[in-house]
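The next block holds one structure in the form of structure tokens; read it before the comments.
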Amino acid sequence: MKIVQIASEAVPWCKTGGLADVAGALPQALVDAGAAQGLRVEPALFIPLYRSVREQAQKRGLELVDTGVVATAPFGLGPERARWMKIEGAEGPPVYALDAPWRYDRARLYDDEHQRPYDDNLHRYALLCRATLEGAPALLGGLPDVVHAHDWQGALAMMYLRTRYVRQMHRAAAVLTIHNLAYQGVFPGELRHTVDLDPAAFHMDRAEFYGHLNLLKGGVSYADSTTTVSRSYADEIRTAQFGCGLDGFLRARARWLLGVVNGIDTRAWDPKTDPALPHHYDQEDMSGKLACREALLKEFGLRASIGQPVLGVISRFAGQKGLDLVAELVPHLHRLGAKLVVLGSGDAGLEDRFRYLARTFSRNLAVKIGYDGPLSRRIYAGADILLMPSRFEPCGLNQLYAMRYGTVPVVHAVGGLRDTVVDPGDAALMRGEGTGFRFEHPTLQGLVWALDRAVRMYRHAPPAWGRLRDNGMRRDSSWTQSARTYLELYQALRRR
């Protein structure tokens, strides 16, 4: 089974969020799931050749090899010809990067240094989608059996596949995954003429959205199946509260709308071998986690007794992520007897607010503004509790990383956080059931209520806390079941 995966970012080559983790891990997981069933599965990942992709390949001593496959996109602004390069020597299934420096050779993936989206984003990802469908048969050695695209940046592939390429690839299953419905790829309607969009696609039941071109809506309308990244989020996006204006359309038009919980690469995320950690540990010997905690406190310039839990936050600074609730929590840290380390960046107002709080409450709070992959791993390992008060969270990966590293999550019960963090109540938690703490309402009161429960157990019931921590570490957060579900979906669609 030949599978095309189209993504606008993928680890380790380029990343801004969880999509990159999924796109980077899913191809190998599909190979493994196929092997377990005796199936030959041949996925390939197609991404833009951003500047960061060149840098990461060079950093790893890998070569970008010209495949000789050139794709032409007949856009209204003039035909664009781009060349497919292969990242030679990369582990796992093949990764192809589209070499179009006029579109992708930039310092950031989607926006400039002032966080303004690039003016040509529509054409950047239209080129990726069109060039993938144009070049995939030659690169794969045959027509694809499945085209699996991700988010609005890949959604045009669904539209092109079922219009411009319907004769050549009518047998290919079309799957679109929504990682975050809040980002839909909405552009002025008149631009549809510049990306060779089939006229029939600009219709209220397709990609038209109040006179604008909505790529995600159009992709859903043409896909054989739309998936999203947790069961709860699949239900939530069909409601007015979480549907971002598309709830009615999704209820009426989305075919095979399924929630498939994300996994993580448990080989890359392992506290026993992680090179970013100052000390290693596993369930049999947790002494290294205590040493990681002490190292983290020292790195952030904080001091805490063993009875004072260390809280961690690793997040984009955005309203969606509930970082304003974390800011409101800071004055309560002294009463809770807790220390908090925060890593992230985003909204300039929130960044300034956290800088101010770090100066004012320096005994209890330390903040680093920016993205730092190794430091995030040290926080997962060194913290006792991870806070995720997201107002909505399609799946969330941080809670999975935290549990893998023996850190207990405190989360808002929404989307994938509800699906992956089990909170059966205090009595059951004391008996050794569950994996973390949830709260139902995204308010300061809700967050403090859940955190109070966690701190009491941490401080007064160490054996129960140890069992809770162990449950999280034992949880199967791998891609095994999710990849198997995707393979079953691909096979079902192809049998139709």
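The values are calculated or read from the model by the stated rules, or taken from the named source; none is laboratory data. The model shown is predicted, which means the values in this text are computed figures rather than measured ones. Every residue, glycine as well, gets a Cβ built from its backbone with ideal geometry; the counts of neighbours run over all protein chains shown.
May I ask you to say which residue of R251, R192 is closer than 29 Å to R124 by Cα and of a type in the set (D, E, K, R)? I'd like the intermediate steps shown before the answer.
Working: R251 fails: closer than 29 Å to R124 by Cα.
After applying the criteria, what remains is R192.
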Of the residues in region 152-194, those that are within 16 Å of A73 (Cβ to Cβ), touching a Phe, Trp or Tyr at 6+ places or on another chain (Cβ under 9 Å) and among the basic types (K, R) come to R192
Among the residues of region 283-315, count how many are in a strand (DSSP E or B) and crowded, with 17+ Cβ neighbours inside 10 Å. 6
Inspect all residues belonging to region 360-373 and state whether any of them is in a loop (DSSP other than H, G, I, E, B), crowded, with 19+ Cβ neighbours inside 10 Å and among the hydrophobic types (A, V, I, L, M, F, W, C). no
Identify all residues within region 1-59 that are under 15 Å from Y486 (Cβ atoms), in a helix (DSSP H, G or I) and either of a type in the set (D, E, K, R) or free of Cβ contacts under 8 Å to residues at least 12 places away in the same chain (or both); write none if there are none. D32, A35
Test: G34 is touching a strand residue (DSSP E or B) at 6+ places or on another chain (Cβ under 6 Å) and surrounded by 15 or more Cβ atoms within 10 Å (Cβ to Cβ): no
Restricting to region 35-69, what's the tally of residues that are over 24 Å from M1 (Cα atoms) and of a type in the set (V, I, T)? 2
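Residue by residue through region 486-496, note down the ones that are part of a helix (DSSP H, G or I) and either free of Cβ contacts under 8 Å to residues at least 12 places away in the same chain or surrounded by fewer than 16 Cβ atoms within 10 Å (Cβ to Cβ) (or both).
So in region 486-496, the residues part of a helix (DSSP H, G or I) come out as 486-495.
Across region 486-496, the qualifying residues are E488, Q491, A492, R494, R495.
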Quick check on my filter: what residues within region 168-186 are charged (D, E, K, R) and closer than 25 Å to G211 by Cα? none
In region 316-334, which residues are part of a loop (DSSP other than H, G, I, E, B) and surrounded by fewer than 18 Cβ atoms within 10 Å (Cβ to Cβ)? A318
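Keeping to region 123-159, report how many residues are aromatic (F, W, Y) and closer than 20 Å to H203 by Cα.
Within region 123-159, the first condition is being aromatic (F, W, Y), and the residues that meet it are 125, 152.
Cutting the leftovers down to closer than 20 Å to H203 by Cα gives us 152.
Residues in region 123-159 being aromatic (F, W, Y) and closer than 20 Å to H203 by Cα: 1 in total.
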I'd like to verify a number: residues in region 76-99 that are in contact with a helix residue (DSSP H, G or I) (Cβ under 6 Å, 6 or more places away or on another chain) and not in a strand (DSSP E or B), how many? 4
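Suppose the filter is part of a helix (DSSP H, G or I), among the basic types (K, R) and more than 20 Å from G319 (Cα to Cα); does R355 pass it? I'd like the intermediate steps shown before the answer.
Details: part of a helix (DSSP H, G or I): yes; among the basic types (K, R): yes; more than 20 Å from G319 (Cα to Cα): no.
For R355, the condition - part of a helix (DSSP H, G or I), among the basic types (K, R) and more than 20 Å from G319 (Cα to Cα) - is not met.
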Working only within region 114-132, note down all residues that are under 22 Å from the mean Cα position of the chain (by Cα) and in a loop (DSSP other than H, G, I, E, B). Q115, R116, Y118
Taking A155 and the conditions (1) crowded, with 22+ Cβ neighbours inside 10 Å; (2) on the phi > 0 side of the Ramachandran plot, which numbered condition does it fall short on, given that it satisfies the others? (2)
Screening G185, G189 for residues that are buried (at least 17 other Cβ atoms within 10 Å of the Cβ) and at pLDDT 95 or above leaves only G185
Out of everything in region 133-148 that is among the hydrophobic types (A, V, I, L, M, F, W, C) and not in a helix (DSSP H, G or I), what residue ends up being surrounded by the fewest Cβ atoms within 10 Å (Cβ to Cβ)? L143
Restricting the first residue to region 469-481 and requiring it to be touching a residue at least 12 places away in the same chain (Cβ under 8 Å) and assigned to a helix (DSSP H, G or I), which pairs with a second residue that is surrounded by 15 or more Cβ atoms within 10 Å (Cβ to Cβ) and of a type in the set (S, T, Y) meet a Cβ separation below 7 Å and a spacing of at least six or different chains? N471/T435; G472/T435
Please enumerate the residues belonging to region 378-429 that are of a type in the set (F, W, Y) and modelled with pLDDT under 95. F392
